[in-house]
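Working notes, beginning with the structure itself.
The values are calculated or read from the model by the stated rules, or taken from the named source; none is laboratory data. What you see is a predicted model, and the numbers here were worked out from it, not measured in a lab. Note that each Cβ is placed from the backbone with ideal geometry, even for glycine, and that neighbours are counted across all protein chains shown.
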Amino acid sequence: MSEKSGIFKGNFNSQIRPQDDLYRHVNGGWLDSAEIPSDRAADGAFYHLRDESEKSVRAIIEELAKVGGQPGSNAQKIADLYSDFMDESRIEELGISPISADIARAQNI
């Protein structure tokens, strides 16, 4: 019974000898063909997992914002925070007034 190594040999570059450049030998095919999205410095499985997690969390929060929750519950607090965060006209109206005391305190340090 042969066991699989878990290494995808399709990414190997057989034109480079492993003793000359092991990294390029093992990863050369991937390095030559992979495209990193222009809005990123890197890409890979963990970046895709993060993106999917962010989409899922956003969907949950948007659903909570629609239906709310029991008053005082964590669901209601999340829905309220999201709604306040998305209310751009109110944010523009208030300006920095909600944090003006904090700014004054920081300026006195």
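Computed quantities for the displayed model
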{"item": "Selected residue [aliphatic (A, V, I, L, M), at pLDDT 95 or above, touching a Gly at 6+ places or on another chain (Cβ under 7 Å) and surrounded by 10 or more Cβ atoms within 10 Å (Cβ to Cβ)] from Ile16, Ile91", "result": "Ile16"}
{"item": "Residue within the stretch 33-49 that is exposed (fewer than 11 other Cβ atoms within 10 Å of the Cβ), in contact with an Asp or Glu (Cβ under 7 Å, 6 or more places away or on another chain), over 30 Å from Ser73 (Cα atoms) and not polar (S, T, N, Q) present", "result": "yes"}
{"item": "Sole residue being touching a residue at least 12 places away in the same chain (Cβ under 8 Å) and not hydroxyl-bearing (Ser, Thr, Tyr), chosen from Glu54, Glu3, Glu62", "result": "Glu62"}
